[in-house]
Amino acid sequence: MSAPVSVDLGSGAPGTTISGALGPVSVTDDRALLSASWTTTASSSDWTTGSATPAETITATDVGYDPGSITTTGTITATGTPVTLSGTAAPVVTGTSGVGDNTATWNPVISVAVPASAVGGTYTGTLTQSVS
């Protein structure tokens, strides 16, 4: 799996939603199996300005992940599922009915609902993606 290391989603006022494309995420399956499948998952940490006070935290459940359209090569059926993230990994793209080597690539849109009580600052969080 390959994915961008970081992305800047821009800024937004409290009570609005910020969204932006993460950048290309790809799964390359070179196992050359007769019957292949895989599942990618995503989770998020809380987003903070460096302080743990509630006014300076956007919870992980305020973050959405939408895989959008998926491009494949080889033989694989890839299906995306938009999710609201949390600290627990959730399936976002599933590859089924794969034969031989294949790839799937998508450019997910990440959306962050900025709480009305949020204070100004640069918020950072960690998005974790994996494939199995």
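Observations, loosely collected:
- In summary, SER130 fulfils each of the numbered conditions (1) exposed (fewer than 14 other Cβ atoms within 10 Å of the Cβ); (2) at pLDDT below 95; (3) of a type outside the set (Val, Ile, Thr) with the single exception of condition (2).
- Segment 36-68: number of residues that are among the small types (Gly, Ala, Ser) and touching a strand residue (DSSP E or B) at 6+ places or on another chain (Cβ under 7 Å): 8
- Residues satisfying the stated conditions in segment 61-78, i.e. of a type outside the set (Gly, Ala, Ser) and closer than 28 Å to TRP47 by Cβ: THR61, ASP62, VAL63, TYR65, ASP66, PRO67, ILE70
- Qualifying residue in segment 15-34 (condition: polar (S, T, N, Q), part of a loop (DSSP other than H, G, I, E, B), at pLDDT below 95 and under 30 Å from ALA118 (Cα atoms)): no
- THR41 being at pLDDT 95 or above, surrounded by 15 or more Cβ atoms within 10 Å (Cβ to Cβ) and part of a strand (DSSP E or B): yes
The values are calculated or read from the model by the stated rules, or taken from the named source; none is laboratory data. Computed from a predicted structure; not experimentally measured. Quick reminder, even Gly has a Cβ in these numbers, built from the backbone with ideal geometry, and neighbours come from all protein chains shown.
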